[in-house]
1. If the Cβ limit is 7 Å and pairs must be 6+ apart or interchain, which residue in the stretch 105-118 that is farther than 13 Å from Leu171 by Cα pairs with which residue that is open to solvent by 60 Å² or more (accessible area, probe 1.4 Å) and not in a helix (DSSP H, G or I)?
2. Within the stretch 1-56, take every residue that is exposed (fewer than 10 other Cβ atoms within 10 Å of the Cβ) and β-branched (Val, Ile, Thr) and give me the one that is farthest from Met132 (Cα to Cα).
3. Please specify each residue of the stretch 189-227 satisfying the condition of being more than 17 Å from Val119 (Cα to Cα) and charged (D, E, K, R).
4. Does Ser198 satisfy the condition of being exposed (fewer than 15 other Cβ atoms within 10 Å of the Cβ), in contact with a Gly (Cβ under 9 Å, 6 or more places away or on another chain) and either more than 19 Å from Leu45 (Cα to Cα) or of a type outside the set (Ser, Thr, Tyr) (or both)?
5. Take the conditions under 24 Å from Glu90 (Cβ atoms) and either free of Cβ contacts under 8 Å to residues at least 40 places away in the same chain or open to solvent by 60 Å² or more (accessible area, probe 1.4 Å) (or both) and apply them to Glu185. Does it pass?
6. Scan the stretch 180-211 for residues that are aliphatic (A, V, I, L, M) and part of a loop (DSSP other than H, G, I, E, B) and jot them down.
7. Every residue in the stretch 36-68 that is under 24 Å from Phe121 (Cα atoms) and either out of contact with any Ser or Thr (no Cβ under 8 Å at 6 or more places or on another chain) or at pLDDT below 90 (or both), please.
8. So, of the residues in the stretch 151-179 that are of a type in the set (S, T, N, Q) and part of a helix (DSSP H, G or I), which turns out to be surrounded by the fewest Cβ atoms within 10 Å (Cβ to Cβ)?
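The values are calculated or read from the model by the stated rules, or taken from the named source; none is laboratory data. Values in this document were obtained by computation on a predicted structure and should not be read as measured data. Note that we place each Cβ from the backbone using ideal geometry, even for glycine, and neighbour counts take in every protein chain shown. Only protein heavy atoms, including side chains, enter the accessible area calculation; ligands, DNA and RNA are left aside. Shrake-Rupley method; radii C 1.70, N 1.55, O 1.52, S 1.80 Å.
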Amino acid sequence: PYWLNEVPSVVENTNMTTAILLPLKQGKKEEIIEGLNKIESETILFLAKISSLSVEIKRNKSEMILMRDNARLPIVELLVQKDGSEALNEYWLHSCDISVPESLYEEKRAGVKLRALTVAFPLTESSAKGTMYAFLPTEINSGFPFLINADFILTANRETIQSNRKWNLWLRDEFANLIACGLIELSKCKEYRGKLYSFIPLISDINVLKEYFSPVCSTVYSRLKEL
């Protein structure tokens, strides 16, 4: 980043106190606009310090506003307002903090002692089911009927998980337990208990990285036998 002494016209008439401008490479505008139009409400679901996001495309005179409401935790509401229409998605969130084993060393996570994991069960229909998150969405659609957020080590383009890394294998085993615990907690709520069965992950539904994700199903089946 570099400082601009002259305020650019695109921001001088706004009330912003800080503005970061990202110049686009030649020929990239259409690609960026297409990407912005595909942003889903779940983009801000796992971002603790961001509760709303506004995207304005002036050329198309369109604006999209995403908002997250945590007032009813563990139920989280995600509201999308776009070009005069509204859509509301609800998720049941189950989270936990886990300690990194002393025996596990990962150069890219050196010094990290604690990590947070979250599973989000959709209480309303959502097109984002199965997406794996590393705070922001990745390109991975696991096929699971819920969303998982963890500090995965990804490939450079964020498209997939480096499935053979010991760090990611440890996270997989931890979020397998988290899913089972989340379903057990959900079963205690009479209003949503009936949805529990639709959230049980099936090996036959796994779309990608089958060897990596299959043990998750086995763990969940084993834990649910307690019910």
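1. Lys113/Ser99
2. Thr14
3. Once the filter is applied, which keeps residues that are more than 17 Å from Val119 (Cα to Cα) and charged (D, E, K, R), the stretch 189-227 yields Lys190, Glu191, Asp205, Lys210, Glu211, Lys225, Glu226.
4. Values: exposed (fewer than 15 other Cβ atoms within 10 Å of the Cβ): yes; in contact with a Gly (Cβ under 9 Å, 6 or more places away or on another chain): no; either more than 19 Å from Leu45 (Cα to Cα) or of a type outside the set (Ser, Thr, Tyr) (or both): yes.
For Ser198, the condition - exposed (fewer than 15 other Cβ atoms within 10 Å of the Cβ), in contact with a Gly (Cβ under 9 Å, 6 or more places away or on another chain) and either more than 19 Å from Leu45 (Cα to Cα) or of a type outside the set (Ser, Thr, Tyr) (or both) - is not met.
5. Numbers: under 24 Å from Glu90 (Cβ atoms): yes; either free of Cβ contacts under 8 Å to residues at least 40 places away in the same chain or open to solvent by 60 Å² or more (accessible area, probe 1.4 Å) (or both): yes.
So Glu185 fits the description; yes.
6. First, pick out the residues of the stretch 180-211 that are aliphatic (A, V, I, L, M): 180, 183-184, 186, 196, 200, 202-203, 206, 208-209.
Residues satisfying the conditions are Ile200, Leu202, Ile206, Val208, Leu209.
7. Correct list: Lys38, Ile39, Glu40, Ser41, Thr43, Leu45, Leu47, Ala48, Lys49, Ile50, Ser51, Ser52.
8. Residues of the stretch 151-179 that are of a type in the set (S, T, N, Q), as a first pass: 155, 157, 160, 162-164, 168, 177.
Okay, now just the ones that are also part of a helix (DSSP H, G or I), so 168, 177.
Working: Asn168: 19, Asn177: 16.
Restricting to residues being of a type in the set (S, T, N, Q) and part of a helix (DSSP H, G or I), the top hit is Asn177.
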